[in-house]
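Working notes for the structure below.
The values are calculated or read from the model by the stated rules, or taken from the named source; none is laboratory data. A quick note: this is a predicted structure, and the numbers were derived from the prediction, not measured. When we count neighbours, we look across all protein chains shown, and the Cβ atoms used for this are built from the backbone with ideal geometry, even at glycine.
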Amino acid sequence: MAIEARVVRRHTLSGLALRCIFGTVSDDPRLYAAREREVKPRDGTDGAASGLNDAQRRAATHGEGPLLIVAGAGTGKTRTLVHRVGVLLERGVRPERILLLTFTRRSAQEMLARAERLVGSASRHVHGGTFHATAHRLLRRFGEQAGLRPDFTIMDQSDAEDLMQFSRARLGFGDRKKRFPKKETLQHVYSRHVNTDIPVGALLRDEYPQFVEHEDEIAKVFADYTQRKQERNLVDYDDLLLFWATLLEQVPALADRIAGLYDHILVDEYQDTNLLQARILRGMCRTHRNLTVVGDDAQSIYSFRGATIRNILDFPREYPGTTVVALEENYRSTQPILDTSNILISRAGERHTKNLYTRRTGGDRPWLVTAQDEPTQTRFVVDRILELHEEGTPLREIAVLFRAGYHSADLEIELTARSIPFDKWGGLKFLEAAHVKDVLAFLRVLENPRDEVSWYRLLLLMPGIGEATARNAMEVMAEHAWSHASFGQFTPPPRARAAHQALVTLLDTLRSGPPDDEGAVAREIARVRVLYDDILREKYDRPDPRLADLDQLQVIAGGYPSRAAFLSALALEPPQGTQDLGVGSDSEDDTLVLSTAHSAKGREWDAVFVIWAVDGYFPLSRALGSDDQVDEERRLMYVALTRARNHLAVSYPLNVYDTRRGADYTFDQVSRFLDRGVRGTMQRVVAEPPAAELPAPDAATAPIADLRAMMKGRFGV
């Protein structure tokens, strides 16, 4: 079933941006200036701490010193953090002296908007954002004093992989008989090393033992990659954090100035931080100890991204005198769901103790559903979804969760066959679409003429320019120090002269315009598209959805004051949707949600199904060799269970025909996480398999043969 994808982020268009998209009109739209917003604080007898339960109030009104808020699932952690910001403002802390760090810009904006409703307009001056966005802002301000040119360009993940490939190829490691890591593997190892401080050799031994013999060569690739970034004034995501930490740890004069910007630092989702982020926080608290972190060790599920549960478990030891407040009153789930979840997570090897409870009454025990095989499991899930829907539960309030994306394949087929609309969360993001990256490459080389990755992408788009010509062009530009005029000084082969001249003319035209006036970025994209749209139509069989994406890109560009701000924002907080790919959306349409457990974190639904609760599937078989990985898989299942408000069903097939395991049926074992104690809190349900249609026996007649006698005759009886 084709599911329409939607771009969630919306931007206000200026008149100039509208003209770029819809063409010049005789009567230009008039810009209606926004009035100055003045929001009064809400009335409350207890100030910013009003409306909180006892534990939330203790956390919000905490005084000086380190504070760890252990916030169980559904216990109102965001509310508590918002009220803590409000209490600090009421106590006279200047808003610009408060830093709120989150893992998405949307989270920061939501918290600050709620703080504004709580205490008034003063909260608008609180500094809030992601670690990477905050690092970017600080490096733009202080980086030049530490040798980092202020006009650096941020590479996204795929650009960093491409630059790694340049290093791999230049050193001759791409053309060999022996297998050498691909660019994606090299970038993963590099990033893991930077974020975790684990030596490269140890990472190879643990994750890629087949490449251990290439450790020295991999180190050379990393050295060349680092040198290329410096020469071309590029930074990757890891550099943003690493440079911030380095300034705090090794440049005392700047460290005191940076740390001195804030009197209070608050961090959301602390269980998802890595060692590098923990180092940054220690450096930012060098002049005070006013650090508040909120998180749940039971929801630490991102070790594959470099996050470490040790940060939250060891916080009281790292910051002596820490006040620990546990939020245990759950506002989401029924008590039977919490009983099952509490017992499941109590088996974890190490954790901050908490026991979730709720004041809600009633609720059925979670179902533990035994199915004969995968088709029976699928049939049960679909039938139960339809039953809940007929009882009044909207499809958008129902989710089916699983450990890995491929676990839902059979379910997707059945949902499609029965015309049940669904969104599957995941897929390519907006900026990973090739046509969007193509257009952005034009802007990136304007902003940073040394951006080798974008030049290479851009040149290969042009008719008549192949890899050899592109590399020759970049060599000429490097010889001329990547000056703006250097590309025009390159002499292309005859077949590429028309494309070369068209590109020179376009870039010269774009450089001649004022870079930072209203609507300039949208106008630049419009000019790029005069050249690029024809290339797109030649390149893709279905150009219309991709052209619509570029329309949306122009819309987004209209909301930014400069090209640098636009490119930085897209790199740090990219839009998540794209028109021609089936990805998750925040639509209000009545659509069932299919999601991995990782993607479901932070969400909740009225009814949740967790499928494939089988050893080898959940937990995954590759995790079974490590106690730490098994514990993380347990936490992941805990996250899945605690997404449900009223209805929870966990299902497992007894046997499955699975070519990944072999050619025969296997008899599967229920997930080790659902032990006797956990199962004791659940309602056992057996899914009835579809009735088999057997042929009717022939009418009774006199036997024409004696089968048993024939068998006995084989042995001389």
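Could you tell me how many of the residues in the stretch 483-539 are in a helix (DSSP H, G or I), surrounded by fewer than 19 Cβ atoms within 10 Å (Cβ to Cβ) and touching a Ser or Thr at 6+ places or on another chain (Cβ under 7 Å)?
1
Give just the number: which of (1) outside the structural domain of Ser123 (by TED's automatic domain parsing); (2) in contact with a Lys or Arg (Cβ under 9 Å, 6 or more places away or on another chain) does Ile309 not satisfy?
Among (1) outside the structural domain of Ser123 (by TED's automatic domain parsing); (2) in contact with a Lys or Arg (Cβ under 9 Å, 6 or more places away or on another chain), Ile309 violates only (1).
Give me a count of the residues in the stretch 206-254 that are within 19 Å of Asp151 (Cα to Cα), of a type in the set (A, V, I, L, M) and either in contact with an Asp or Glu (Cβ under 9 Å, 6 or more places away or on another chain) or modelled with pLDDT under 90 (or both).
Filtering the stretch 206-254 for residues within 19 Å of Asp151 (Cα to Cα) gives 226-244, 247.
Pick out the ones that are also of a type in the set (A, V, I, L, M) and you get 234-235, 240-242, 247.
Next, from what is left, pick out any that are either in contact with an Asp or Glu (Cβ under 9 Å, 6 or more places away or on another chain) or modelled with pLDDT under 90 (or both): 234.
Within the stretch 206-254, residues that are within 19 Å of Asp151 (Cα to Cα), of a type in the set (A, V, I, L, M) and either in contact with an Asp or Glu (Cβ under 9 Å, 6 or more places away or on another chain) or modelled with pLDDT under 90 (or both) number 1.
Might you let me know whether the stretch 169-181 holds any residue that is part of a helix (DSSP H, G or I), of a type outside the set (Asp, Glu) and over 29 Å from Ala623 (Cα atoms)? Before you say what the answer is, go through the steps one by one.
First, pick out the residues of the stretch 169-181 that are part of a helix (DSSP H, G or I): 169-170.
If we keep only those that are of a type outside the set (Asp, Glu) too, we end up with 169-170.
Going one step further and asking which of them are over 29 Å from Ala623 (Cα atoms), we end up with 169-170.
There is at least one residue in the stretch 169-181 that is part of a helix (DSSP H, G or I), of a type outside the set (Asp, Glu) and over 29 Å from Ala623 (Cα atoms).
Sort through Arg379, Arg444, Arg450 and tell me the only one that's surrounded by 15 or more Cβ atoms within 10 Å (Cβ to Cβ), in a loop (DSSP other than H, G, I, E, B) and in contact with a helix residue (DSSP H, G or I) (Cβ under 8 Å, 6 or more places away or on another chain). Step through it out loud before you land on a result.
Numbers: Arg379 fails: in a loop (DSSP other than H, G, I, E, B); Arg444 fails: in a loop (DSSP other than H, G, I, E, B).
Checking each option against the conditions leaves just Arg450.
Checking Thr666 against (1) of a type in the set (Val, Ile, Thr); (2) outside any loop (DSSP other than H, G, I, E, B); (3) at pLDDT 75 or above, only one condition comes out false. Which one?
Single failed check for Thr666: (3).
Could you list, in sequence order, the residues of the stretch 615-635 that are of a type in the set (A, V, I, L, M, F, W, C) and crowded, with 20+ Cβ neighbours inside 10 Å?
Phe618
Would you confirm, using the coordinates I've provided, whether Arg457 is assigned to a helix (DSSP H, G or I), surrounded by 14 or more Cβ atoms within 10 Å (Cβ to Cβ), touching a helix residue (DSSP H, G or I) at 6+ places or on another chain (Cβ under 9 Å) and not aliphatic (A, V, I, L, M)? Talk me through it step by step, then tell me what you get.
Working: assigned to a helix (DSSP H, G or I): yes; surrounded by 14 or more Cβ atoms within 10 Å (Cβ to Cβ): yes; touching a helix residue (DSSP H, G or I) at 6+ places or on another chain (Cβ under 9 Å): yes; not aliphatic (A, V, I, L, M): yes.
Spelling it out, Arg457 is indeed assigned to a helix (DSSP H, G or I), surrounded by 14 or more Cβ atoms within 10 Å (Cβ to Cβ), touching a helix residue (DSSP H, G or I) at 6+ places or on another chain (Cβ under 9 Å) and not aliphatic (A, V, I, L, M).
For the condition farther than 20 Å from Gly295 by Cβ and either buried (at least 23 other Cβ atoms within 10 Å of the Cβ) or touching a residue at least 60 places away in the same chain (Cβ under 8 Å) (or both), what is the one hit in Val119, Val85?
On the way: Val85 fails: farther than 20 Å from Gly295 by Cβ.
None of the others qualify; the one that does is Val119.
Name the one entry in Thr416, Thr370 that is at pLDDT below 90, over 30 Å from Ala473 (Cα atoms) and not in a loop (DSSP other than H, G, I, E, B).
Thr416
Can you name the residue in the stretch 382-413 that is buried (at least 22 other Cβ atoms within 10 Å of the Cβ) and small (Gly, Ala, Ser) and, of all such residues, is farthest from Gly680 (Cα to Cα)?
Restricting to residues being buried (at least 22 other Cβ atoms within 10 Å of the Cβ) and small (Gly, Ala, Ser), the top hit is Ser408.
Quick one: how many residues across the stretch 339-367 are touching a residue at least 24 places away in the same chain (Cβ under 8 Å) and in a helix (DSSP H, G or I)?
So the count comes out to 6.
Looking only at the stretch 347-375, filter to residues that are more than 22 Å from Ile611 (Cα to Cα) and among the hydroxyl-bearing types (Ser, Thr, Tyr); which one of those is surrounded by the most Cβ atoms within 10 Å (Cβ to Cβ)?
Let us first name the residues in the stretch 347-375 that are more than 22 Å from Ile611 (Cα to Cα), namely 349-362.
If we keep only those that are among the hydroxyl-bearing types (Ser, Thr, Tyr) as well, we get 353, 357-358, 361.
Working: Thr353: 8, Tyr357: 15, Thr358: 19, Thr361: 7.
The qualifying residue surrounded by the most Cβ atoms within 10 Å (Cβ to Cβ) is Thr358.
Exactly one of (1) out of contact with any Lys or Arg (no Cβ under 9 Å at 6 or more places or on another chain); (2) assigned by TED's automatic domain parsing to the domain that holds Thr75 is unmet by Gly321. Its number?
For Gly321, the failing item is (1).
Please go through the stretch 174-203 and pick out each residue that is crowded, with 17+ Cβ neighbours inside 10 Å and touching a His at 6+ places or on another chain (Cβ under 8 Å).
Phe180, Pro181, Leu203
Restricting the search to the stretch 279-294, which residues are of a type in the set (A, V, I, L, M) and under 15 Å from Arg317 (Cα atoms)? Break it down stepwise before answering.
First, the residues of the stretch 279-294 that are of a type in the set (A, V, I, L, M): 280-281, 284, 291, 293-294.
Within the stretch 279-294, Leu281, Leu291, Val293 qualify.
Table: residues versus (1) touching a residue at least 12 places away in the same chain (Cβ under 8 Å); (2) among the acidic types (Asp, Glu).
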position: Leu89; (1), (2): yes, no
position: Gly92; (1), (2): no, no
position: Thr104; (1), (2): yes, no
position: Ser107; (1), (2): yes, no
position: Glu110; (1), (2): yes, yes
position: Arg124; (1), (2): yes, no
position: Phe131; (1), (2): yes, no
position: Arg140; (1), (2): no, no
position: Ala146; (1), (2): yes, no
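Quick one: in the stretch 419-436, of everything that is assigned to a helix (DSSP H, G or I) and surrounded by fewer than 17 Cβ atoms within 10 Å (Cβ to Cβ), which residue is modelled with the highest pLDDT? Working first, answer last.
Applying the first criterion (assigned to a helix (DSSP H, G or I)) to the stretch 419-436 yields 430-432, 434-436.
From what's left, surrounded by fewer than 17 Cβ atoms within 10 Å (Cβ to Cβ): 432, 434.
Working: Glu432: 70, Ala434: 84.
Applying the filter and picking the extreme gives Ala434.
Within the stretch 282-305, track down each residue that is touching an Asp or Glu at 6+ places or on another chain (Cβ under 9 Å) and more than 14 Å from Arg635 (Cβ to Cβ).
Matches in the stretch 282-305: Arg282, Gly283, Arg286, Thr287, His288, Arg289, Asn290, Val293, Val294, Arg305.
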